[in-house]
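The values are calculated or read from the model by the stated rules, or taken from the named source; none is laboratory data. In this text the structure is predicted, and so the values were computed from the model without any measurement. Here the Cβ positions follow ideal geometry from the backbone for every residue, glycine too, while neighbour counts run over all protein chains shown. Protein only, heavy atoms only, side chains kept; ligands, DNA and RNA dropped before computing areas. Shrake-Rupley method; radii C 1.70, N 1.55, O 1.52, S 1.80 Å.
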Amino acid sequence: HRPPEDVAYSVARFFQKGGSLQNYYMYHGGTNFGRTSGGPFITTSYDYDAPIDEYGLPRLPKWAHLKELHRAIKLCEHALLNSEPTLVNLGPLQEVDVYEEPSGACAAFISNMDDKNDTVIEFRNMSYHLPAWSVSILPDCKNVVFNTAKVASQTSKIEMVPNKDFKGLQWEVFVEKAGISGEADFVRNGLVDHINTTKDTTDYLWYTTSIHVDENEEFLKKGAQSMLVVESKGHALHAFVNQKLQTSASGNGSVSPFRFRTPISLKAGSNEIALLSMTVGLQNAGPLYEWVGAGLASVQIEGFNNGPKDLSTHAWTYKIGLEGEHLGLYKADGLNSVKWISTSEPPKEQPLTWYKVVVDAPAGHEPIGLDMIHMGKGLAWLNGEEIGRYWPRKSSKDHECVQQCDYRGKFSPNKCSTGCGEPTQRWYHVPRSWFKPSGNILVIFEEKGGDPTKIRLSKRKTSGVCAFVSEDYPSWSESLPNDEIGDYKSNAAVQLKCPIDTRISTVKFASLGTPKGSCGSYSTGDCHDPSSTSVVEKVCLNKTECTIELTEESFSKGLCAGTPKRLAVEVVCS
């Protein structure tokens, strides 16, 4: 997560120093449907905290703040394209670059590179207040129309609102056999590379072999367990012994290879070892990445009388892909290629299980996400369209997460982490265009077990909007032509706008004075106009959008003498 103030600062500094083309990575990340994600260890979301979110909605205030930045830079266009900058140092960490041409066109970028302290600087006989780590843009070398740290744009409160769950629906279930179903693809002594074998036609490769256990083995006599020790180049694996899941293991986004050691129960006689190796997106960057493999590197079983048994060079039987994939259980023409078991109580925590259910599309027009928080790992399809990989794996609690990110100072990827200890992805985007009016067939393949009755289709809704502005925030008319600053206005204003088909139904908070906090947690300060809520209700209630200017005509006169007045507003959209 990169704060809008810091993104705007970086872009403004780039153009201040003569930059000509800015590329945003990402401006809209979107969704990796099906198996199209890179990574590895990326499921479907490529949201990237981008100005336009994964679902195609503007992420506010970031999107609007950058829009205002672009507009301010556009106002400087003539001077930027027809002159060279002149650098003027205004302090140890303060400077201005002036673009001025003989015709009189002039634009200036004033920077405060101090990441801790606000400052007031003098430029051309005028005083300018610059917050720490910010850039002010003056398209006429006089009026500030934009400051990167002063975010006047509204903030949207986004929620994933669940539709009814899938309890009470009629399910159809098909459980795959662990190991080889039908004919094997080939048998080979030793362990093969996963990616070279599957050619990325599937995430799945079965490695199966058998081992004979003599009845005189000490661990059998003691009723003890032997130990399965596996080393893998990545990315994930489920280990089955005699058709029973023993353990699951995986690498992570930083280190794909992994090693695990787990107790297993063997019996006297023949024992089948079936290891399901999985990829989770392929590496697509970095040195020699085409040589980065996946799959098993070594397999041993410890606990035998004569020492560990190395199965790495044994004869292994291989099968590329799942039985359900070969039969096309997710396609319209493959749905009836197996005998499904019909039930209103589908099995829970059952590995290698295909689920099929008919669902209705949620009402409305909001984007939809499939909530898989109660499932393990697998794949999902709707009406034959592949939603993609799901894996609501919890992120590490070791990361340092923040409640509120300080935008000031050099940015690093872990600076503003959120969601420590929570699933890295809970909701999986399902385009509304994939839904039919009724009779939508949802197919899930669950690898290790979950509760399908708790799957939900959730709607991505804007439940409310907030805005926070101060008297000293720059503002200018929306109708201002790009080549004129003459209609510049000094009255800062709060602008609120609800989504289509919704209106401002409630004013949850309003305070003119010295309010504190952020969207969702505003509080009044030492100075507060008691008429704030009634003023905002009068202007905004039951409207789709409204504008409240910070003028004494609207609010109590003489309020907060000597201090710039601020206005914080939070409303509900419904």
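Things worth noting here:
- Evaluated at q = 0.16 Å⁻¹, the base-10 log of the normalised Debye intensity for region 186-321, with identical point scatterers placed on the Cα atoms, takes the values -0.79.
- Apportionment of accessible area to carbon and sulfur, the chain, percent (1.4 Å): 48
- Backbone amide hydrogens, once placed in the peptide plane, bring LYS565 within less than 5 Å of GLU471, excluding anything fewer than 5 places away on its chain.
- Folded to 0 to 90 degrees: helix 62-75 orientation relative to the chain principal axis, Cα: 50
- Rounded to the nearest 0.05, the FRET efficiency derived from the C-beta distance between ASN383 and THR544 at R0 = 41 Å is 0.75.
- Projected area, mean over directions - region 491-573, Cα convex hull, nm²: 5.2
- Here the sum of -39500 (n - 2.57) over DSSP H runs of 4 or more residues, divided by the residues of the chain, equals -2500 deg cm²/dmol at 222 nm, to the nearest 500.
- Compared with the dominant Cα axis of the chain, that is its longest principal axis, helix 4-16 is turned about 70°.
- Proximal lysines relative to LYS339, as straight alpha-carbon distance under 20 Å, when same-chain residues fewer than 8 apart are discounted: LYS177, LYS331, LYS348, LYS356
- Think of a 1.4 Å ball rolled over the protein heavy atoms: region 186-321 then has 46 Å² of accessible area per residue.
- Amide H contacts of ILE264 (H built 1.01 Å from N, in plane; Pro and chain starts excluded): SER226, MET227, LEU228 sit under 5 Å, all sequence-distant by 5 or more or on other chains.
- If only the Cβ of Lys and Arg carry +1 and only the Cβ of Asp and Glu carry -1, the dipole of region 186-321 around its Cα centre is close to 160 debye.
- Separation of alpha-carbon centers, region 201-235 and region 408-442, rounded to whole Å: 37
- Its relative contact order, with pairs defined as Cα atoms under 8 Å and 6+ residues apart, puts region 186-321 at 42 percent.
- Förster radius 45 Å - calculated FRET efficiency between ASN491 and ALA285 (Cβ-Cβ, nearest 0.05): 0.40
- 3J(HN,Hα) couplings calculated from phi for region 124-137 with the Karplus curve 6.51 cos²θ - 1.76 cosθ + 1.60 (θ = phi - 60°) are, in sequence order, 6, 6, 10, 9, 9, 8, 10, x, 4, 6, 8, 10, 9, 10 Hz; Gly and Pro show x.
- When the trypsin sites (Lys or Arg not before Pro) in region 322-430 are filtered for DSSP coil states and for at most 12 other beta-carbon atoms within 10 Å of their beta-carbon, the remaining sites are LYS339, LYS397, LYS410.
- For region 31-48, Karplus couplings with θ = phi - 60° (6.51, -1.76, 1.60), whole Hz, Gly/Pro x: 10, 8, 5, x, 10, 8, 6, x, x, x, 6, 10, 8, 10, 6, 10, 4, 6
- For region 1-152, the solvent-accessible area with a 1.4 angstrom probe is 43 square angstrom per residue.
- In order along region 518-526, phi translates into HN-Hα couplings of 9, 3, x, 9, 5, 8, 6, x, 5 Hz, rounded to whole numbers, per the Karplus curve 6.51 cos²θ - 1.76 cosθ + 1.60 with θ = phi - 60° and x for Gly and Pro.
- Between the amide H of ALA297 and those of GLU231, SER232, LYS233, distances stay under 5 Å, these residues lying 5 or more places away or on another chain, with hydrogens modeled in the peptide plane.
- LYS516 versus ARG503: modelled label distance in nm, points set 7 Å from Cα along the beta carbon direction: 3.7
- On the beta carbon distance between LYS142 and SER531, with R0 = 41 Å, the FRET formula returns roughly 0.75.
- Note on the chain: semi-axes of the ellipsoid equivalent to its C-alpha gyration tensor, largest first and rounded to whole Å, are 58, 28, 21.
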